[in-house]
Amino acid sequence: MVPYLAKMIIAVSMAVVIFPTLSLVFAQTSQKKLVVNVNEGTYKPLPIAIPDFHAVGSGAEGYAVSISKVISDNLQRSGLFSPIDKRAFLSIPNSVKERPNFVNWKPLNAQALVIGEAKILPNNALGIEFVLYDVFAEQVMIRYQLSISSSKAWRRLAHTAADQIYKRITGESGYFDTRVVYISERGPTKKRKKRLSIMDQDGHNHKYLTDGNSLVLTPRFSPIRDEITYLAYFDEQQPPRVYLLNIENSDQVTLGTFPGMTFAPRFSPDGRKVIMSMAERGNTDIYVMDLLTLNQKQLTTHPAIDTSPSYSPDCSKIVFESDRGGSQQLYVMNSNGKNQRRISFKRGGRYGTPVWSPRGDLIAFTKFYKGSFHIGVMKSDGSGERLLTKGFIVEGPTWAPNGRVLMFYRQQRQNEKGEGSNPRLYSIDLTGHNEREIITPEDASDPAWSRLTSDIDPEKIKKICPD
Amino acid sequence: MRLNLPLVVAAAFLLAACTTASEDAAKSVSGGEKVASSSSKTTVSSASTTKTTKSAEKPLSAGPKPGSQLDLEINVGDRVLFDYDKSTLSSDSRTTIGRWAEWLMAYPANKIIIEGHADERGTREYNLALGERRANAAREYLISLGVNPNRAKTISFGKERPAIPGSNENAYAQNRRAVAVLSKD
């Protein structure tokens, strides 16, 4: 974060001196329209100017400033944008109606400019209007009006605005109006207190969902409702179970009637099923349960460990891990359990926790290789493996809904007193760049990313998985 | 009589805690807790409370109550260890499980939970499965020695409840384990 800022400031001062040359370069760019090539392995973040939003009428001053800051922070954390230091701004248009004087923005090398307003609406609703300009083409790229029924939810306005800016410039859908469920951790290694927790993707609006009296693990978001599925030990003399928890009203049910421990749950992409593992008499197999009919179906029957299943986004296939070949490896099968085949073949590594990308093209995984853990991705046929990051323990990747960013947890070696493991959440770009910690109140593990909040709707996401 | 027990226990504990003379008693209280918590936290409160009474009343008497959790831990040996990513029982482990079987024969009202655990060098979900596999290996052998299957259940904690903290080989060796715990049922 700091290096980007430092580079940006130098660029600004240089731009003043060599302005004519630079403007020529960007004049060409603007003819092709402002585009960030996000698939390049190395890219320079796009300089963007985001002055404080104006408040229209009284009462919106605080929101106006905060919203523009949240937009700016989102774009900066994505690694694809570099917001320009506000102190460099020369003159700012007084409203979203006023055409900016682009001459004032070009010397700052601002490729894009966001001008916005916020105002309080009737019934404590809050509205914003913003315009995204292509500075060198001197054109409006997008203009949006957004409102939210409760001003308390003002962050969602900012996240949605950032998603629109991100989408217009990168060509990919955004991921800022999303949440993360994860496990908060504290206390000594031997008596770790773990709590189910939820927050916005940037760490704000943090909330604990359980009290820490029971061990809880591996929460996952429903794609269609404010629900999560997770694992809990409510009685430490009984096998743990998979539960379904409604976040809004705290209703909770046990999923399935299985004789053994159930674990490793994940929703189907249409949210109508949960796939999970059940372990009985030393054998772990994969089962699927329909949340409407409550039918349970066994999908694998191998006497080895088959676990960590994850559906492809079209629901036609399931990737999972199995040690049937002697060590933990990745396998793909049809969603009815047929045609099971191994896809990880690189020698000398163990593979676990595969997660299918929402775009369908890639599978993210945890790899244990030469004494270190890695987070990597491969194509769904197992080819093209790329390791993105490594550590003493890095585990449990989860995809942002646009399939471009991953989150995982990183844990350090602990000393003989059990200190220093410090598990924390990190996000990383698919290219392996831009690894950043997501700040949490306590230690953190097992993150799971939601879809865009506005997409979490059973009306929008139709049933696609066959019965 | 049973209902009154907690009060008696509390009184005995207070007495021990307030009297500096009974330092031996206090020492054995904390010692007892330590042993109990290293095997299973679920039994800490009840087991250590019982022990408190006993040690406070009879500080000089050696040895845990026959048939108790502590008896299992100290006199029988409550755990067997495994190699990395393995669930094979060593001959030492078989000997230990043989003693579990004898102990269960000697105390026919007792049932046990066999907890399976893994060290931290594995993914969370795989380790849950591995822990279950280890617990099951111990249980299968126990049953083969003639113990009624209803008297031994399994549970896996994966890498969630290490016996020994630390990211080192010694801790890992102690953490790859199956532990017999007296069932509350």
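The values are calculated or read from the model by the stated rules, or taken from the named source; none is laboratory data. Keep in mind it's a predicted model, so treat the numbers as computed, not measured. Don't worry about glycine lacking a Cβ; one is built from the backbone with ideal geometry, like all the others, and counts go over all protein chains shown. Surface areas here come from the heavy atoms of the whole protein model, side chains and all, with no ligands, DNA or RNA. Shrake-Rupley method; radii C 1.70, N 1.55, O 1.52, S 1.80 Å.
Looking only at the stretch B:110-131, count how many residues are free of Cβ contacts under 8 Å to residues at least 60 places away in the same chain and within 17 Å of the chain's Cα centre (by Cα).
2
Is there a residue in the stretch A:413-431 that is away from chain B (no Cβ under 12 Å), within 16 Å of the chain's Cα centre (by Cα) and in a loop (DSSP other than H, G, I, E, B)?
Yes, the stretch A:413-431 contains a residue that is away from chain B (no Cβ under 12 Å), within 16 Å of the chain's Cα centre (by Cα) and in a loop (DSSP other than H, G, I, E, B).
Residues A:G348, A:G352, A:G337: which one is more than 10 Å from chain B (Cβ to nearest Cβ) and over 16 Å from A:K273 (Cα atoms)?
Result: A:G348 is the single residue among A:G348, A:G352, A:G337 that is more than 10 Å from chain B (Cβ to nearest Cβ) and over 16 Å from A:K273 (Cα atoms).
Would you call A:K207 within 14 Å of chain B (Cβ to nearest Cβ), free of Cβ contacts under 8 Å to residues at least 24 places away in the same chain and of a type outside the set (A, V, I, L, M, F, W, C)?
No: the conditions fail for A:K207.
Could you please find all residues in the stretch A:164-188 being open to solvent by less than 10 Å² (accessible area, probe 1.4 Å), among the hydroxyl-bearing types (S, T, Y) and not in a helix (DSSP H, G or I)?
A:T178, A:Y182, A:S184
Return the residues of the stretch A:444-467 that are more than 16 Å from A:L292 (Cα to Cα), part of a loop (DSSP other than H, G, I, E, B) and among the β-branched types (V, I, T); say none if nothing qualifies.
Passing the criteria: only A:I456.
Considering (1) over 30 Å from B:R151 (Cα atoms); (2) of a type outside the set (D, E); (3) modelled with pLDDT of 95 or more, say which one A:S250 fails and leave the rest.
The one condition A:S250 does not meet is (3).
Being on the phi > 0 side of the Ramachandran plot and of a type in the set (G, A, S) narrows it down to one residue among A:G352, A:G282, A:G325; which is it?
Numbers: A:G352 fails: on the phi > 0 side of the Ramachandran plot; A:G325 fails: on the phi > 0 side of the Ramachandran plot.
None of the others qualify; the one that does is A:G282.
Hey, any hits in the stretch A:390-399 for a residue that's of a type in the set (D, E) and either in a loop (DSSP other than H, G, I, E, B) or open to solvent by 40 Å² or more (accessible area, probe 1.4 Å) (or both)?
no
Has the stretch A:78-87 got at least one residue that is of a type in the set (S, T, Y), modelled with pLDDT of 95 or more, open to solvent by less than 20 Å² (accessible area, probe 1.4 Å) and not in a helix (DSSP H, G or I)?
So far as the stretch A:78-87 goes, yes, one or more of its residues are of a type in the set (S, T, Y), modelled with pLDDT of 95 or more, open to solvent by less than 20 Å² (accessible area, probe 1.4 Å) and not in a helix (DSSP H, G or I).
Hey, among A:F258, A:F234, which residue is closer than 18 Å to A:T284 by Cβ, open to solvent by 10 Å² or more (accessible area, probe 1.4 Å), of a type in the set (F, W, Y) and over 21 Å from the mean Cα position of the chain (by Cα)?
After ruling out the rest, the residue left standing is A:F258.
Condition first: within 30 Å of the chain's Cα centre (by Cα), of a type in the set (D, E) and open to solvent by 40 Å² or more (accessible area, probe 1.4 Å). Can you find one or more residues in the stretch A:314-327 that meet it?
Within the stretch A:314-327, one or more residues are within 30 Å of the chain's Cα centre (by Cα), of a type in the set (D, E) and open to solvent by 40 Å² or more (accessible area, probe 1.4 Å).
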